[in-house]
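S.K.: Questions regarding the structure given below will be posed in turn.
The values are calculated or read from the model by the stated rules, or taken from the named source; none is laboratory data. Here the structure is a predicted model, which is why all the values come from computation and not from measurement. Because the Cβ atoms are built from the backbone with ideal geometry, glycine has one as well, and the counts that use them run over all protein chains shown. When the accessible area is computed, the model is the full protein with side chains, heavy atoms only, and any ligands, DNA or RNA have been set aside. Shrake-Rupley method; radii C 1.70, N 1.55, O 1.52, S 1.80 Å.
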Amino acid sequence: MKFLRTLLLAAPLAGAARLDRRGKVSYDGYKIFRVAPEFADAVETELEDLSGMHLMRTAQHFDVAIPPESIESFQLLNVSSELISDDIGAEIALEGELAPYESLVQALDVAAAAVPDASWFRAYHSYNDHLTFLSDLQKSFPSNSEIFRAGTSFQGRAITGIHLWGSGGKGSKPAITFHGTVHAREWITTMVNEYIAWQLVVGYGNDTTVKAYLDSYDFYILPVVNPDGFVYTQTTNRLWRKNRQTRSGISAVGTDVNRNWPYQWSGPGSSTSPSSETYRGQSSGDAPENLGLRTHLDNVARSQGLKLYIDWHSYSQLILLPYGYSCSARAENINQQMTLARGVASAIARPYGTRFEYGPTCSTIYQTNGGSNDYAQDVSGAEFAWAFELRDTGRNGFVLPPEQIIPSGFEAWEGIKNLLNNF
Ligand SMILES: [Zn+2]
């Protein structure tokens, strides 16, 4: 009965997203409610009928976005909740226009071009500008870096990263691999990955500590591992999460690439429903992005060893350790990981007092199946395989104002330095 009702009500609404004058999905008048954990399951069941959106569910709360026409129905559910954003559309407007990037690198044969200016981090940018920024960063560090590709997205985009190395030469040291923006709407993660890459390049020539990092490890930094989804958040729907994969006979679009990794793939920590935000795919590892990313990760691990893997997300301010698939399974070195995470959390807090909690994924945030850090830990054999949930704790959520890009990057960099100094 419930299923039938959902079909009847949701089908017409699903195709009726309001578009603004530029053809983008309008979130004007949408409110974000933080639902108490004991009501999370009940609200999740009703969400489709309400045309609401699943934003973030943790052990402490469930944040949902409710369109204006469903606010009354939501309130009739009579669940304990707190209003945390009055109008998402207004917040998206405040996030600002994408700022154009003016590449200062004029010629391809410049021996060592200038490092891109820090002003890059004052605004959000288009996907093409991110590619240009990364390429300019590489050109400013020509003997110690290259642009690489980790496979191809569903729509045919190159999954692009920058590889940085030190005095031992390319590919000679254990690897540190960062993935950003697997969830398309988590824009701060793109910027923070680039900020860390930029700090490594800037610091190599004038900071002996930073030089030592690059002389000890090869860094593979991929700021946008879900380029199709990321482009879609910029052209059409700011709050899109998954990739843009279509499947024959299924109308819903998108796979959650971070529920698609072929390890502990099925279970309650992901969804079998293609319309769900955590849709795991038809079979394990069947997202093209996942194929490219795991092939790259495994190749690097096999040839150099994988010291550290981090999958960067937002929001909630958390440092997540293995495992996601089980709340009782423990990584062999979990005690060491917890000690390191405590140090990282205090280093992150030092500049601005931003508090990050830390702990195993399943007990700290929620159960996840087919997640990247479980795969990296147990299949790729990473020594440490973590996920970060960056700023904030919900006030702005995925739509973090551009003034917070540099502080987010700086505190994350402080955390990463602490980790590199201590493991
Ligand atoms: Zn995420």
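S.K.: Please give the strands (runs of 3 or more DSSP E) falling wholly within segment 14-102 in which 1 or more residues are out of contact with any His (no Cβ under 8 Å at 6 or more places or on another chain) and surrounded by fewer than 13 Cβ atoms within 10 Å (Cβ to Cβ).
M.R.: In segment 14-102, 81-85 are the strands (runs of 3 or more DSSP E) which contain 1 or more residues that are out of contact with any His (no Cβ under 8 Å at 6 or more places or on another chain) and surrounded by fewer than 13 Cβ atoms within 10 Å (Cβ to Cβ).
S.K.: Right, something else. Kindly check whether there is at least one residue in segment 410-423 that is surrounded by 17 or more Cβ atoms within 10 Å (Cβ to Cβ), within 16 Å of the ligand (Cβ to nearest atom), outside the structural domain of residue 31 (by TED's automatic domain parsing) and of a type in the set (Lys, Arg).
M.R.: No, segment 410-423 has no match at all.
S.K.: Do you know which residues across segment 254-274 are out of contact with any strand residue (DSSP E or B) (no Cβ under 9 Å at 6 or more places or on another chain) and surrounded by fewer than 19 Cβ atoms within 10 Å (Cβ to Cβ)?
M.R.: Selection gives 262, 266, 267, 268.
S.K.: Show the residue pairs that are 6+ apart or on different chains and have beta-carbon atoms under 6 Å apart, the first residue being within segment 174-191 and aromatic (Phe, Trp, Tyr), the second being more than 9 Å from the ligand (Cβ to nearest atom) and in a loop (DSSP other than H, G, I, E, B).
M.R.: Sorted first by the residue in segment 174-191, then by its partner, the pairs are 187/124.
S.K.: So residue 174 clears everything in (1) in contact with an Asp or Glu (Cβ under 8 Å, 6 or more places away or on another chain); (2) within 16 Å of the ligand (Cβ to nearest atom) except one condition, right? Which one?
M.R.: Every condition holds for residue 174 apart from (2).
S.K.: Output the number of the condition that residue 223 fails; it satisfies all remaining conditions of (1) open to solvent by 10 Å² or more (accessible area, probe 1.4 Å); (2) in contact (Cβ under 8 Å) with a residue 60 or more places away in the chain.
M.R.: The single condition residue 223 does not satisfy is (1).
S.K.: Next up: Of the conditions (1) away from the ligand (no atom under 15 Å from the Cβ); (2) buried (at least 24 other Cβ atoms within 10 Å of the Cβ); (3) of a type outside the set (D, E, K, R), residue 319 fails just one. Which one is it?
M.R.: Single failed check for residue 319: (1).
S.K.: Of all residues being acidic (Asp, Glu) and either modelled with pLDDT under 95 or not in a helix (DSSP H, G or I) (or both) in segment 365-402, which is most open to solvent (accessible area, probe 1.4 Å)? Just the residue, please.
M.R.: Checking each candidate, the answer is 383.
S.K.: Check off (1) in a loop (DSSP other than H, G, I, E, B); (2) open to solvent by less than 10 Å² (accessible area, probe 1.4 Å); (3) more than 15 Å from the ligand (Cβ to nearest atom) for residue 324 and give me the number that stays unchecked.
M.R.: (3)
S.K.: Would you pick out the residues in segment 241-284 that are away from the ligand (no atom under 16 Å from the Cβ) and under 15 Å from residue 373 (Cβ atoms)?
M.R.: 262, 263, 264, 265
S.K.: Still on this structure: Could you tell me whether any residue of segment 282-290 is in a loop (DSSP other than H, G, I, E, B), open to solvent by less than 30 Å² (accessible area, probe 1.4 Å) and in contact (Cβ under 8 Å) with a residue 24 or more places away in the chain?
M.R.: For segment 282-290, residues in a loop (DSSP other than H, G, I, E, B), open to solvent by less than 30 Å² (accessible area, probe 1.4 Å) and in contact (Cβ under 8 Å) with a residue 24 or more places away in the chain: present.
S.K.: A follow-up question, please. Name every residue in segment 228-281 that is of a type in the set (Asp, Glu) and part of a loop (DSSP other than H, G, I, E, B), in order of residue number.
M.R.: If the condition is that a residue be of a type in the set (Asp, Glu) and part of a loop (DSSP other than H, G, I, E, B), then 256, 277 are the ones that fit.
S.K.: Next question. Is it the case that segment 227-237 has a residue that's hydrophobic (A, V, I, L, M, F, W, C), within 30 Å of residue 167 (Cα to Cα) and within 16 Å of the ligand (Cβ to nearest atom)?
M.R.: Within segment 227-237 (the criterion being hydrophobic (A, V, I, L, M, F, W, C), within 30 Å of residue 167 (Cα to Cα) and within 16 Å of the ligand (Cβ to nearest atom)), the answer is no, since none of the residues qualifies.
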